[in-house]
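Structure first, then comments.
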């Protein structure tokens with residue numbers, strides 16, 4: 001029994017016609033007929049019965065079909081795994097990161113890593129996503145690493161290394177009445193439009209917990225990504241708690257003084273627990289962690 005025979009069987013079962021299946025497989029119909037008969041001979045039972053020009057599955061054929069599909073699905077997964085392993089063995093590193101990281105952080109990290117002699121042939125692919133999507137990609141082994149918030153719902157499934165710590169600040173558009181206050185209290189925020197992160201983001205959960213502790217009931221009018229939140233605030237659509245980064249549009253928004261706001265956002269280097277890493281990915285993990293430790297010692 002070969003994979004080709006199973007593929008031919010499944011295609012005939014799905015089309016019900018030898019001519020149609022042969023065309024889709026781009027083989028001659030006699031060759032397809034011979035392959036099916038040979039498979040039936042090896043199995044010692046019939047897979048199809050004829051009804052005019054249509055082939056229908058026998059009882060045994062219907063039962064065998066699910067197993068044939070499982071084998072072919074496993075083949076597809078094996079081929080995908082082989083491609084991934086090949087890429088990794090040739091020095092490809094894939095990661096995703098969230099938006100609220102400083103704009104210099106990821107580029108500088110990559111530049112310094114690739115400047116090391118042992119990494120001259122390493123290639124890197126990166127993308128931007130929310131913590132939830134990053135976690136999904138990590139658990140599916142679609143990426144090696146994620147730079148993201150701590151997803152508490154995946155406790156034990158991921159290894160998390162803190163690499164970056166940023167304050168969360170209160171911002172409003174220049175000219176907003178809040179800007180006239182020397183210090184802003186939680187009460188000042190009540191009944192004023194608020195802009196926040198998507199409800200399924202880890203940062204939103206952190207902010208919701210903070211607001212609950214301080215008995216702040218924000219009137220959230222809009223939810224969006226980090227970059228878009230800054231634009232919405234700048235256009236006067238409401239105040240927001242945001243991660244303080246070097247790309248805040250301070251020519252259009254103001255950071256307000258709110259003494260009670262003493263929370264910070266920690267970015268972690270995340271990877272799936274037990275994930276097998278190639279040499280390049282292992283060096284990248286160690287490099288990121290060592291850089292984070294060096295930065296903490298400077299503080």
Does residue 124 fit the bill of being farther than 30 Å from residue 8 by Cα and either in a helix (DSSP H, G or I) or in contact with a helix residue (DSSP H, G or I) (Cβ under 9 Å, 6 or more places away or on another chain) (or both)?
-> yes
Could you tell me whether any residue of segment 96-109 is surrounded by fewer than 11 Cβ atoms within 10 Å (Cβ to Cβ) and at pLDDT below 90?
-> no
Flag if residue 272 is touching a helix residue (DSSP H, G or I) at 6+ places or on another chain (Cβ under 7 Å) and in the same structural domain as residue 95 (by TED's automatic domain parsing) | yes
Could you identify the single residue in 135, 163, 171 that is part of a strand (DSSP E or B) and over 26 Å from residue 294 (Cβ atoms)?
-> 171
For segment 124-146, indicate whether the set of residues that are assigned by TED's automatic domain parsing to the domain that holds residue 261, in contact with a strand residue (DSSP E or B) (Cβ under 8 Å, 6 or more places away or on another chain), more than 19 Å from residue 243 (Cα to Cα) and surrounded by 15 or more Cβ atoms within 10 Å (Cβ to Cβ) is non-empty.
-> no
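The values are calculated or read from the model by the stated rules, or taken from the named source; none is laboratory data. Because the structure is predicted, anything quoted here is derived from the model rather than measured. Glycine also receives a Cβ, built like all others from the backbone with ideal geometry; neighbour counts cover every protein chain displayed.
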